[in-house]
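Asks: Before anything else, here's the structure in question.
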2 protein chains.
Amino acid sequence: MDLFVSKFFNKIDKKGRVSLPSSFRNVLPKANRNEIILYKSIKSPSIEGCGVGRLKEIAKRINNLDFFSEDYDDFSTSIFSEIVTTNVDKEGRFLIPEELKLYTGIKTEAAFFGQGHFFQIWEPKQGLKNTEDSRRRLLKEKKSLRMILTQQK
Amino acid sequence: MDLFVSKFFNKIDKKGRVSLPSSFRNVLPKANRNEIILYKSIKSPSIEGCGVGRLKEIAKRINNLDFFSEDYDDFSTSIFSEIVTTNVDKEGRFLIPEELKLYTGIKTEAAFFGQGHFFQIWEPKQGLKNTEDSRRRLLKEKKSLRMILTQQK
DNA sequence: TGGGATTATATGGGCGTCAATGGGTATATG
DNA sequence: CATATACCCATTGACGCCCATATAATCCCA
């Protein structure tokens, strides 16, 4: 599977290390399994992460916005300048930067949520609540959800 | 036959393993017979499952939504983080995640119901009751049922 | 075509490997 | 030199792989 899926709850040890879920590590290209990028989510108090290869895709999406709009500058600044690269050690663990811990409220445990081509890291309780809220909002729009889930090729 | 059809009742062993019905395994593409995806049904206390190929189509559709919209996050969260991938061993068995067991009430036995392009897994009693209820509802609308069954291609 | 032989499926269990986690020590970087 | 981080090793429990068996389905040949 080459997508980030499912959710995982991992502990942060005394040294601040946390395991990137094994199935997430396998999504990263074999060449760059020891490096990921992290940045603050624009829409929620969570961290978004992915392999370094995805940077190009993010750049493309931002480039598709109108260059002279305020959004362009805002997204460009908010995302690129906030990106940090982090090394994953041989056991698959990495350090969550202090600033991102503060931003998310993460203390002793981190919740990883697969999002397809990237993943999110949440303070566990907030992350679970977010999942419920999302699901509730979508159930109000059954039709569109069914479209995504059941459409046949 | 390349569709999930019929129903099967299989036991869950001490290790939590359960056999995916043989005829279901044969529906999966030969290349990916050792991995399936599972997710909570939107409409009932059951699990829905299918091959990983279907997930990739779903990913493509979500990816086409406006990346910076709220809908994107809702779909992405509700689908990707709720989906779990499970490995099917050489004997055709897999593990039902604890959370999905709780969601469905499955304990020692699992009922598999073919649904065409996907299948459902129910706690046996509830699954049978659901079948009866479905049929009863359909019979109230004989006309539309006949339409579906007799329509020629 | 009947009945024994072969194959497949569902199920049970042993055991090695890997993932998550903990901690000691070397190394780097300011 | 002090703090942070990378590397190495250890532990534990879960899971995958392998082998085994019983029952059911299929085959095959006299």
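The values are calculated or read from the model by the stated rules, or taken from the named source; none is laboratory data. Since the model is a prediction, treat every value here as computed from it, not as a measurement. Cβ atoms come from the backbone with ideal geometry, glycine included; neighbour counts cover every protein chain shown.
Asks: On the basis of being at pLDDT 95 or above, surrounded by fewer than 18 Cβ atoms within 10 Å (Cβ to Cβ) and among the basic types (Lys, Arg), does residue B:129 make the cut?
Replies: yes
Asks: Could you check how many residues of the stretch A:1-52 are among the hydrophobic types (A, V, I, L, M, F, W, C) and within 14 Å of DNA strand D (Cβ to nearest atom)? Lay out the reasoning, then the answer.
Replies: First, the residues of the stretch A:1-52 that are among the hydrophobic types (A, V, I, L, M, F, W, C): A:1, A:3-5, A:8-9, A:12, A:18, A:20, A:24, A:27-28, A:31, A:36-38, A:42, A:47, A:50, A:52.
With the extra rule that they be within 14 Å of DNA strand D (Cβ to nearest atom), the set shrinks to A:1, A:8-9, A:12, A:18, A:20, A:36-38.
Counting residues in the stretch A:1-52 that are among the hydrophobic types (A, V, I, L, M, F, W, C) and within 14 Å of DNA strand D (Cβ to nearest atom) gives 9.
Asks: Being modelled with pLDDT of 95 or more and surrounded by fewer than 17 Cβ atoms within 10 Å (Cβ to Cβ) is the requirement here; does residue A:9 meet it?
Replies: yes
Asks: For the stretch A:40-60, which residues satisfy the criterion of being over 20 Å from residue A:21 (Cα atoms) and of a type outside the set (A, V, I, L, M)?
Replies: Correct list: A:43, A:44, A:45, A:56, A:57, A:60.
Asks: I'd like the full set of residues that are within 16 Å of residue A:97 (Cβ to Cβ) and of a type in the set (Asp, Glu), limited to the stretch A:38-81.
Replies: Residue satisfying the conditions is A:48 alone.
Asks: Only one of (1) of a type in the set (Ser, Thr, Tyr); (2) closer than 24 Å to residue A:24 by Cα; (3) away from DNA strand D (no atom under 13 Å from the Cβ) fails for residue B:104. Which number is that?
Replies: (2)
Per-residue answers, yes or no, for (1) at pLDDT 90 or above; (2) of a type in the set (A, V, I, L, M); (3) more than 16 Å from DNA strand C (Cβ to nearest atom); (4) under 19 Å from residue A:4 (Cα atoms):
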residue: B:58; (1), (2), (3), (4): no, yes, yes, yes
residue: B:61; (1), (2), (3), (4): no, no, yes, yes
residue: B:98; (1), (2), (3), (4): yes, no, no, no
residue: B:103; (1), (2), (3), (4): yes, no, yes, no
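Asks: Filter the stretch A:1-27 down to the residues that are near DNA strand C (Cβ under 8 Å from one of its atoms) and assigned to a loop (DSSP other than H, G, I, E, B), then identify the one that is farthest from residue A:122 (Cα to Cα).
Replies: In this case the residue turns out to be A:26.
Asks: Give just the number: which of (1) within 16 Å of DNA strand C (Cβ to nearest atom); (2) closer than 25 Å to residue A:44 by Cα does residue B:70 not satisfy?
Replies: The single condition residue B:70 does not satisfy is (1).
Asks: I would also like to ask the following. Taking the condition within 16 Å of DNA strand C (Cβ to nearest atom), within 14 Å of chain B (Cβ to nearest Cβ), buried (at least 17 other Cβ atoms within 10 Å of the Cβ) and not hydroxyl-bearing (Ser, Thr, Tyr), does residue A:94 pass?
Replies: No; evaluated as a whole, the condition is false for this residue.
Asks: Pull up the stretch A:26-55, narrow it to residues that are out of contact with any Leu (no Cβ under 9 Å at 6 or more places or on another chain) and within 14 Å of another protein chain (Cβ to nearest Cβ), then point me to the one that is surrounded by the most Cβ atoms within 10 Å (Cβ to Cβ).
Replies: That would be A:46.
Asks: While we're here: Which pairs have Cβ atoms under 7 Å, sit 6 or more apart or on different chains, and link a residue in the stretch B:64-87 that is facing chain A (nearest Cβ under 7 Å) to one that is in a loop (DSSP other than H, G, I, E, B) and at pLDDT below 90?
Replies: As it stands, the answer is B:73/A:43; B:75/B:65; B:85/A:1, since those pairs meet every condition given.
Asks: Can I ask one more? Do we have residue B:121 as under 16 Å from residue B:43 (Cβ atoms), within 16 Å of DNA strand C (Cβ to nearest atom) and surrounded by 17 or more Cβ atoms within 10 Å (Cβ to Cβ) here?
Replies: Spelling it out, residue B:121 is indeed under 16 Å from residue B:43 (Cβ atoms), within 16 Å of DNA strand C (Cβ to nearest atom) and surrounded by 17 or more Cβ atoms within 10 Å (Cβ to Cβ).
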